[in-house]
Amino acid sequence: MARVVITDHDFDDLSVERAVLEELAEVVALSDRPGAEVDPAALADADAVLNLRTDLGASHVEALEECAVIARYGIGVDNVDLAAANDARIPVTNVPDYCQEEVATHAVSLLLALARGVDRYDRSVGDGAWDREVATPLHRLSTQTVGVVGYGAIGRAVGERAAALGLDVVASDPFLSPDDLADDPATLCSFEELLDRADYVTVHSPLTPETEGLFDDEAFRRMRESAYLVNVARGPIVDDDALERALDAGEIRGAGLDVFPAEPPSTDHPLRDREGVITTPHVAWYSEEANEERRRTAAEIVKTALEGGLVRNVQNEPSA
C-alpha cells in the first residue's frame, strides 16, 4: 500500500482524504499546525505529499525518493521549491477554483464595509459615542470606480459583482488584451492608469517575483488620496511598511486586508488595530463547502498520480 504524507493541516480529522484514498494508500499527517516545519527525513518514504502551508524547500523535495506528486491544498504554490521539484521530476499541483466565489465575495464585503465606513461607525458606537460624522465623506457607489489588479477567474468574479452594485470597473492584467474583455463589464487599462482612476483597488494577482512588492511607495503615491486598497490575494504583494507610510501621509484613505507578508502579524503590528484599516485572518477562501472541495480535489489528484494517470493542475515543469 502506498504512503501519502500530509505535511500540515488544520482539519478536525482526515476523513475526506481517507475516503478518497482508503483502497490505495495509508494517509498520515506530520502536524496539525498549519505552516509547521517538518524534518525532510520524515518525507523520505512518501509516495505522495499533500501540503497546506509548510514551506517545502530543496532539502524537502530532494528527500522525496519515490514521490508521484506534491499536491497543494490551495491556489498558490509559492511555498514549494518548484525548481527542485522540476529537477526531481515531481509534479506540483494546486486546486485553482475551489474558493472563487468565497474570495470574490470577501473582497466585495471589505470594499462595501470601507465604502460605508462600517468600521469607523462600529468603533464610534462601541466607544460609547454616536458620531455620524466619523466616517464622512461617503459617496454613492454609482459615482465610484473599482480597479481590479489581476483579472483571472477571481478578479472577473469581483468585477461582475462590483458592476452589479453600480460601480465602474477597470482592470489591469499583463496577460490580457482588450479583446479578452469584449463581453466583460471591466475596461482593460495599465496598472498605472488603474491607480490613477480607481477609488477602490482590489488585488487578485498571484505572488510571483514580478508582483512581490508591487504596491510600494511609488504605487501608493499614485493612488488617489480618497482611495482604499483591498488585498485578499497574497500578503507580500503589498509592502506593508509602504502602506503604513501612505496612510500616515494621507496618500490613501484606508485598506481592507485579509493577508499579510508574515502571518499572523505581530501583536504590535501597526496595521492590526488602525482606524480606517479592516483586517481579517486570511479567511477569504473559507466556507464549509470550499474547505471540503479543496481537500477532496487535492486527494483525487494524489489518487490519479498514484494510479499512473494524467495529473491535472500541474504548476511546474518537471523534467521528462
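Any idea how many residues of region 1-13 are under 26 Å from the mean Cα position of the chain (by Cα) and more than 21 Å from Val80 (Cβ to Cβ)?
Counting residues in region 1-13 that are under 26 Å from the mean Cα position of the chain (by Cα) and more than 21 Å from Val80 (Cβ to Cβ) gives 2.
Can you say whether His106 is buried (at least 19 other Cβ atoms within 10 Å of the Cβ), touching a Pro at 6+ places or on another chain (Cβ under 8 Å), outside any loop (DSSP other than H, G, I, E, B) and not aromatic (Phe, Trp, Tyr), as far as the supplied structure shows?
Against the criterion (buried (at least 19 other Cβ atoms within 10 Å of the Cβ), touching a Pro at 6+ places or on another chain (Cβ under 8 Å), outside any loop (DSSP other than H, G, I, E, B) and not aromatic (Phe, Trp, Tyr)), His106 does not qualify.
Select the strands (runs of 3 or more DSSP E) contained entirely in region 16-95, then report the ones holding at least 3 residues which are more than 24 Å from the chain's Cα centre (by Cα).
So the answer is 25-29.
Yes/no matrix, rows are residues, columns are (1) buried (at least 23 other Cβ atoms within 10 Å of the Cβ); (2) assigned by TED's automatic domain parsing to the domain that holds Leu110; (3) not in a helix (DSSP H, G or I):
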| site | (1), (2), (3) |
| --- | --- |
| Gly155 | yes, yes, no |
| Val158 | yes, yes, no |
| Ala163 | no, yes, no |
| Pro174 | no, yes, yes |
| Asp180 | no, yes, no |
| Asp183 | no, yes, yes |
| Val201 | yes, yes, yes |
| Glu210 | no, yes, yes |
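Looking only at region 163-181, which residues are under 13 Å from Leu111 (Cβ atoms) and either under 19 Å from the mean Cα position of the chain (by Cα) or of a type outside the set (A, V, I, L, M, F, W, C) (or both)?
Of everything in region 163-181, just one residue is under 13 Å from Leu111 (Cβ atoms) and either under 19 Å from the mean Cα position of the chain (by Cα) or of a type outside the set (A, V, I, L, M, F, W, C) (or both), namely Gly166.
Ile75 versus (1) under 30 Å from Val169 (Cβ atoms); (2) crowded, with 22+ Cβ neighbours inside 10 Å; (3) among the aliphatic types (A, V, I, L, M); (4) modelled with pLDDT of 95 or more: which is the lone unmet condition?
In the conditions (1) under 30 Å from Val169 (Cβ atoms); (2) crowded, with 22+ Cβ neighbours inside 10 Å; (3) among the aliphatic types (A, V, I, L, M); (4) modelled with pLDDT of 95 or more, Ile75 misses (4) alone.
For region 213-320, which fully contained strands (runs of 3 or more DSSP E) count at least 1 residues that are among the aliphatic types (A, V, I, L, M) and over 17 Å from the mean Cα position of the chain (by Cα)?
Passing ranges, in order: 277-279.
Of the numbered conditions (1) surrounded by 19 or more Cβ atoms within 10 Å (Cβ to Cβ); (2) on the phi < 0 side of the Ramachandran plot, Gly150 satisfies every one except a single condition; which is it?
So Gly150 meets the others, but not (2).
Taking the stated definitions as given, is Thr267 in contact with a helix residue (DSSP H, G or I) (Cβ under 8 Å, 6 or more places away or on another chain), among the β-branched types (Val, Ile, Thr) and either under 21 Å from Arg123 (Cβ atoms) or in contact (Cβ under 8 Å) with a residue 40 or more places away in the chain (or both)?
Answer is no for this residue.
So which residues in region 209-237 are closer than 26 Å to Tyr286 by Cα and touching a helix residue (DSSP H, G or I) at 6+ places or on another chain (Cβ under 9 Å)?
Thr211, Glu212, Gly213, Leu214, Phe215, Tyr228, Leu229, Val230, Asn231, Val232, Ala233
I need the full set of residues from region 232-255 which are over 27 Å from Asp55 (Cβ atoms) and either touching an Asp or Glu at 6+ places or on another chain (Cβ under 6 Å) or touching a residue at least 24 places away in the same chain (Cβ under 8 Å) (or both), in order please.
Arg245, Ala246, Leu247, Gly250, Glu251, Ile252, Arg253, Gly254
The values are calculated or read from the model by the stated rules, or taken from the named source; none is laboratory data. Keep in mind it's a predicted model, so treat the numbers as computed, not measured. Counting neighbours? That spans all protein chains shown, and the Cβs are built from the backbone with ideal geometry, glycine included.
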